[in-house]
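See structure below.
The values are calculated or read from the model by the stated rules, or taken from the named source; none is laboratory data. These figures come from a predicted structure and were not determined experimentally. As a convention, Cβ positions derive from the backbone with ideal geometry for all residues, glycine included, and neighbour counts pool all protein chains shown.
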């Protein structure tokens, strides 16, 4: 939705750069990165379920790269402006969400069986 339907709010004309232009090509890029992130997450679930740790790690890397490009501080600094307003519980949830894909990859590794 973000990038296709939810391009900008009522104050579109007061913003500088592409964020103020509802017809900018970057909105389509954000939508494409969102789809790529979703597909990488679905691939992560599939590869963890099928116990394919290398492919699961690749899905994490693709998803993380898409998310980093999507939330690039050079494109917009608004997402980090109010981190100081977050409660410790919210920051812990953000930290957990950041490391849970790596934990999933580790859980997909099959334990060695004694021979």
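To keep it simple, each residue is scored yes or no on (1) at pLDDT below 85; (2) within 18 Å of residue 100 (Cβ to Cβ); (3) over 20 Å from the mean Cα position of the chain (by Cα).
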| residue | (1), (2), (3) |
| --- | --- |
| 9 | yes, no, yes |
| 17 | yes, no, yes |
| 31 | yes, no, no |
| 40 | no, yes, no |
| 46 | no, yes, no |
| 54 | no, no, no |
| 73 | yes, no, no |
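Could you count how many residues in region 50-68 are surrounded by fewer than 15 Cβ atoms within 10 Å (Cβ to Cβ) and over 15 Å from residue 109 (Cβ atoms)?
Going residue by residue through region 50-68, those that are surrounded by fewer than 15 Cβ atoms within 10 Å (Cβ to Cβ) are 50-51, 54, 61, 65, 68.
Cutting the leftovers down to over 15 Å from residue 109 (Cβ atoms) gives us 61, 65, 68.
Adding up the residues that qualify gives 3.
Taking the conditions exactly as written (in a helix (DSSP H, G or I) and more than 18 Å from the chain's Cα centre (by Cα)), does residue 27 satisfy them or not? Spell out how you get there, then give the answer.
Details: in a helix (DSSP H, G or I): yes; more than 18 Å from the chain's Cα centre (by Cα): no.
No.
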